[in-house]
1. Report, in deg cm²/dmol and to the nearest 500, the calculated mean residue ellipticity at 222 nm for the chain, where each DSSP H run with n ≥ 4 adds -39500 (n - 2.57) and the sum is divided by the residue count.
2. Contact order normalised by length for the chain, with contacts defined as Cα pairs under 8 Å and 6 or more residues apart; what percent is it?
3. Between K224 and T25, what length in nm is gained on full extension when 0.36 nm per residue of separation is reduced by their alpha carbon distance?
4. Would you please state the base-10 log of I(q)/I(0) at q = 0.20, 0.25 1/Å for the range 2-78, with intensities from the Debye formula using one equal scatterer on every alpha carbon?
5. Quick one: in the chain, what % of C-alpha pairs are over 24 Å apart?
6. Report the extension gain between S154 and K81 in nm, rounded to one decimal, defined as 0.36 nm multiplied by the number of residues separating them, less their alpha carbon distance.
7. What list do you get for L119, L65 if you sort them by fewest beta carbons within 10 Å?
8. Determine the distance separating the Cα centre of the range 104-118 from the Cα centre of the range 1-15; give it in Å without decimals.
Amino acid sequence: MLKKIASNIGYTQLVYDRFNKKLKTNYTPSQIEKLVQVILLAADTEITQLGKNYYVWQPARKIQLTINANNYRLITADSAKKIPAQKKAAEKSQWYQRGAKAVHLVYLNREAEELPKLLSGEKTMIIRGAAGRKSPLGGRARAGEDIYFVETNSNLVVNYRAVIKAVIESEQMTPEESASFVENYANQLQLSTKQEQRWTGKKYLAVYEIANLEKIDSFYYKCKKNMDDWIITEDIATISE
């Protein structure tokens, strides 16, 4: 697995900055990438997977790497072994804990023309954020899962379905890191000014790459009071009519 990660690992400008900040170094991106390869391919390197992340510990160098298990992007680095304890999330239903595939129904901002931008290919990602102590959706949206769309301020008719191609979730960020995260994906997100203002500054952010968008036989979303703008279910039939 370490060799596979080494062959596929990805980086962002944000993670280069975080790497140096966490390890109190001043490496260039090239130096960081070389060091990461050395860590991943060292004979005594240890790897643990918990949830959506790999935790890679290099005892000789005393460096831990946190890597997204879905897309192999480097998330952060630490100078101590910090593998979190596994927790059973209270909000996860029994079917999700069994590992069943989730189905998603998501609101798209009509004013920002999110759906037309997705249809034209101008927009390829959607974003969600959280100001609390956990990532958006609690890591419950995964690559390969179906996603249906309904527009805000509409008659709740669902006409389109797609597939989540990739999920990129941040660690806890400062306001400056949050702004950089939004900027890094600006081209793929195509946010309106209001949307940029909404998401910039959130402690946790996640972007979801959308693929295979297609028209389907229309159905009505059976909306209940106080439901979120991202609904996760085992079967779309339970929230359609």
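1. -7000 deg cm²/dmol
2. In percent, rounded to a whole number, it is 19.
3. Details: separation 199, 0.36 × 199 = 71.64 nm, distance 5.08 nm.
Computed gain between K224 and T25 is 66.6 nm.
4. Calculated log10 I(q)/I(0) at the listed q: -0.81, -1.31.
5. Working: 14421 of 28920 pairs.
Result: 50 percent of Cα pairs exceed 24 Å.
6. Contour length minus the Cα-Cα distance gives 21.4 nm.
7. Values: L119 14, L65 24.
Sorted ascending by nearby Cβ count, the order is L119, L65.
8. Rounded to whole Å, the Cα centres lie 31 Å apart.
None of the figures in this text is laboratory data; all of them are computed from the coordinates on show. Just so it is clear, the structure is predicted and the values come from calculations on it, not from any experiment. Note that each Cβ is placed from the backbone with ideal geometry, even for glycine, and that neighbours are counted across all protein chains shown.
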